[in-house]
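Since the structure comes first, as structure tokens, the remarks are kept for the end.
Throughout, read-outs are computed from the coordinates displayed, never taken from laboratory work. Predicted, not measured: the structure shown is a model, and the values here were computed from it. No Cβ is skipped: glycine too gets one built from the backbone with ideal geometry, and neighbour counts run over all protein chains shown.
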Amino acid sequence: LDPVEPYFQNTPLEVRLDPTDASFVDVIHTDGSSHFPSLGFGMIHACGHVDFYPNGGENMPGCSKNILSTILDIDGIWQGTKNFLSCNHFRAVRYFSESVLSPGGFLAFPCGGEKEFEAEKCFVCPAGGCPTMGYNIGTYRPAPGLLHQRFYLKTGEASPFGREYEADSSGAS
């Protein structure tokens, strides 16, 4: 879940997460902004058999970009600082947890990148279907030999995070 960037991004495969670490590696990227200067803690580069990029994989809805309003949290400065620094990173955990009971809301689509997805050019599932991000990924397997398949989806600002989509499952684009 959102593999960490500092000291691991662009390192040899032996050091970081990669598809050889297990028979099936799926990754949820939620904090892929660069560590410096954006304070991102996650890795944006694909590193699994299947890589999910909810909301583009960087800034999650509901995670404030305003440091002052977040740090001045009702629960105190320490809690506010912790929320500001880790909100995007820990959304991967929250999405995965929610996917256990609400699998239908995390349908993801193959896409070349966030811009294409935002332009709604990627709502077509391949012949084998589209994967569901999270706990129910076990029902999806990529074609043998394919690595670093990128899938995109949108989530909401607060729980329930999952969103329902209508997709073309004919395999045509």
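Here are a few things to note about the model shown:
- Filtered by the rule that a residue be buried (at least 18 other Cβ atoms within 10 Å of the Cβ) and either touching a helix residue (DSSP H, G or I) at 6+ places or on another chain (Cβ under 7 Å) or not in a loop (DSSP other than H, G, I, E, B) (or both), region 133-148 gives Met133, Gly134, Ile137.
- Inside region 94-111, residues that are polar (S, T, N, Q), surrounded by fewer than 21 Cβ atoms within 10 Å (Cβ to Cβ) and in a helix (DSSP H, G or I) make up a count of 1.
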